[in-house]
Amino acid sequence: MASCASKICEVKARLATTGSVTVLTGAGISADSGVPTFRGADGLWRNFKAEDLATPEAFARDPRLVWEWYNWRRELIATKHPNPAHYTLAEMERRFPRFWLITQNVDGLHRAAGSRKLSEIHGDIWKVRCTRCGAVTENRDVPIPILPSCAGCGGLLRPHIVWFGETLAAEDLARSFAALQQCEVLLIIGTSGIVYPAASFAPVAKQAGAFIVEINLDATPNSSLVDVSLRGRASEVVPELL
Ligand code: OAD
């Protein structure tokens, strides 16, 4: 079995000869910045129930509770900074002529690191959306006053997050699938690979002939179909790829 060091050499060699890279990230890339993941030993879904906090029904039932939870997460994330993995992906965007980053993370750390060619498919914790007029605005108040209302129409604001049971923005999906079908190399970093539609992204890229690399602390459902699995911390492994 090839050593991890030689696997990194193989990935570097691939990256050196390609102009087309797509990246899919999940909570694991921000774990090294101190942002909790969702699953695993210290994951958020160990202590909180997603159906109480991250569904449209939960918000309709108890918007105050949902906002309190998001306020807690906003306070936590506000103190965190991008790590070397986030910065390396921002550098890749500058180096590769065709590059797209698809993130499931809502923490804004990719943007903070300088990434601009990205789809934040699960939304952005620093944006709010009016439940009445639909206006989406940036809001960095920490804490946000509960219950927040729309400056335009007075309607109740909600987090601009894609909750369980909701569909992703059509534009994000179209952009993501195009990037998956067109890339020569796909990097999958720090995602458990079980939440759809992102769980279907690796097979799409594989079908289209991409060389797929997974960077994760553990094995995931994607591990069996990727070309190279790099087990380790994103903040240490990803910078080694450039
Ligand atoms: P998960 O919490 O499900 O998975 C995190 C993954 O990161 C796991 O596979 C870990 O092994 C890996 N990991 C943890 N620390 C790491 C590190 N330092 N370096 C590399 N890998 C590491 O997070 P996601 O896959 O992002 O949805 O979860 C997907 C979605 O489920 C989230 O976007 C969220 C959640 O419910 C919404 O909030 C809408």
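Whole-Hz Karplus values for the range 93-102 come out as 4, 6, 7, 9, x, 10, 9, 9, 10, 10 Hz, taken residue by residue from phi with 6.51 cos²θ - 1.76 cosθ + 1.60 and θ = phi - 60°; glycine and proline positions read x. What's log10 of I(q)/I(0) for the range 182-242 at q = 0.26 Å⁻¹, Debye sum over Cα points only, no solvent? Values returned for q = 0.26 Å⁻¹ are -1.13.
Taking all protein chains as shown and a probe of 1.4 angstrom, residue 42 keeps an accessible surface of around 140 Å². Panel note: the C-alpha atoms of the range 61-104, placed on their principal axes, show extents of 46, 23, 10 Å (largest first). Note on the chain: helix-only mean residue ellipticity at 222 nm, from DSSP H runs of 4+ residues weighted -39500 (n - 2.57) and normalised by residue number, equals -10500 deg cm²/dmol. Remark: the range 52-132 carries 42 Å² of accessible area per residue (probe radius 1.4 Å; ligands, DNA and RNA excluded). Here the Gaussian network model covers the chain, with springs between Cα atoms less than 10 Å apart; of 130, 153, 183, 153 fluctuates the most. Per-atom-type breakdown for the chain gives carbon and sulfur 51% of the accessible area (1.4 Å probe, protein chains only). Accessible surface ranking for 196, 70, 1.4 angstrom probe, highest first: 196, 70. In order along the range 17-29, phi translates into HN-Hα couplings of 10, 10, x, 9, 10, 10, 10, 10, 10, x, 4, x, 6 Hz, rounded to whole numbers, per the Karplus curve 6.51 cos²θ - 1.76 cosθ + 1.60 with θ = phi - 60° and x for Gly and Pro.
Taking the inverse of the average 1/r across all pairs of different Cα atoms in the range 127-223, what Kirkwood radius in Å do you get? For the range 127-223, inverting the mean 1/r across all distinct Cα pairs yields 16.0 Å. The range 117-172 and the range 177-229 have Cα centres lying 28 Å from one another.
Ellipsoid semi-axes for the range 67-170, based on the Cα gyration tensor and the rule √(5λ), read 27, 16, 11 Å when sorted largest first.
Quarter the surface of the alpha carbon convex hull of the range 23-87 and you get the mean projected area, 5.1 square nanometres. Derived value for the range 15-142: Kirkwood hydrodynamic radius 16.0 Å. Basis is the mean of 1/r over every pair of different alpha-carbon atoms. Kirkwood radius, the range 133-182, all distinct C-alpha pairs, inverse of mean reciprocal distance: 13.4 Å.
Among 34, 232, 152, the largest mean-square fluctuation in a Gaussian network model of the chain (Cα springs under 10 Å) belongs to 152.
Note on residue 137: accessible area is roughly 70 Å² with a 1.4 Å probe, heavy atoms of protein only. For the set 206, 49, the ranking by accessible area, highest first and with no ligand, DNA or RNA atoms included, is 49, 206 under a 1.4 Å probe.
With only the Cα atoms considered, the chain has a convex hull volume of 119 Å³ per residue.
The values are calculated or read from the model by the stated rules, or taken from the named source; none is laboratory data. Computed from a predicted structure; not experimentally measured. Heavy atoms of the whole protein, side chains included, go into the accessibility calculation; ligands, DNA and RNA do not. Shrake-Rupley method; radii C 1.70, N 1.55, O 1.52, S 1.80 Å.
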